[in-house]
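Reviewing the structure listed below.
The values are calculated or read from the model by the stated rules, or taken from the named source; none is laboratory data. Every value quoted in this text rests on a predicted model; they were computed, and no experiment measured them. No Cβ is skipped: glycine too gets one built from the backbone with ideal geometry, and neighbour counts run over all protein chains shown. SASA here: full protein model, heavy atoms, side chains in, ligands and nucleic acids out. Shrake-Rupley method; radii C 1.70, N 1.55, O 1.52, S 1.80 Å.
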Amino acid sequence: MPSVLIKNNMREEHLPHIWCPGCGNGVLMRDVASAIDNLGLDHRKVVIVSGIGCSSRAAGYMDFDTIHTTHGRAIPYATGIKLADPELEVIVLTGDGDVSAIGGNHLIHAARRNVGMTVVVFNNNIYGMTGGQYSPTTPRGEYGTTAVYGNIDRAFDIAALAFGAGASYAARGDTYHVEATTYLIQKGILHKGFSIIDCASICPTYYGRKNKKGSAVDMLMRQKTHGVMAEHAEKMTPEQLQDKQVIGVLAHTNYPEFTAEYQKIKDGLRGGKKDGQK
Ligand code: SF4
């Protein structure tokens, strides 16, 4: 018997999903569905937008108005949808490669504009769907099919990158801390502005095998022991925080949301006012 969560939010006819056993994508998709349910959102007002990659398959499984777009372009599609109807809750599901490599330019400019959308990053530190190439979040020294001698690049901190570019809500979650991550996604949806929740996922098939991380359970347990809630992290020294992933809100500010500002211009023009007139 399918759970209420699946009944309410999933296209059952598209299940079972294609993800590998132990993949973190299903957990994060469930967190998004739980966040929508917990907030009691009108399903007709929710639009899910995804790019390309293993994680972006989630848009096909979720029973909302969904659009599975081209590689790296989920955010521009989401921007168009939000501009067409600012009342919609636009949620972008994307991977680390999709959002910070191919779509990196779109990420920083949507953050800079503070477009009202919630971006949930399924960050597994690798390109899973295309065969294990290293991504902008693969840690230095780790391996991928295109980093057979070890990655020499520094990794992006996606939440910090987006906040630096102007995002008004930036948080970090993971696949182990389900309740906390769901709550962070809820806060992101409620926030009026560009929200990003960078969620550490697990890819046991490519990242795990290439980097000898053990089984999917081992990878999940590592998130348990390395994840620190933000309120605890505040009391820890930089040395104690080395190698740790802080789970919580990185930054939360108030800044005018893009489509609301755009509406003011439209209203002004309708009233016959020109740019700069009060
Ligand atoms: S390749 Fe990795 S990210 Fe893709 S479905 Fe398999 S475990 Fe998940």
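Annotation note: Cβ proximity below 8 Å between a residue of the range 144-172 that is under 22 Å from residue 113 (Cβ atoms) and a residue that is aromatic (Phe, Trp, Tyr) and outside any helix (DSSP H, G or I) (sequence gap 6+ or interchain) occurs for 162/194; 166/194; 166/255; 167/194; 168/194; 168/255; 169/194.
When you check residue 138 against the structure, is it assigned to a loop (DSSP other than H, G, I, E, B), open to solvent by less than 40 Å² (accessible area, probe 1.4 Å) and either within 16 Å of the ligand (Cβ to nearest atom) or of a type in the set (Ser, Thr, Tyr) (or both), yes or no? Yes, satisfied. Among the residues of the range 141-151, those that are more than 15 Å from the ligand (Cβ to nearest atom) and buried (at least 16 other Cβ atoms within 10 Å of the Cβ) comprise 147, 151. Looking only at residues in the range 34-79 that are more than 25 Å from residue 126 (Cβ to Cβ) and small (Gly, Ala, Ser), the one that is surrounded by the most Cβ atoms within 10 Å (Cβ to Cβ) is 35.
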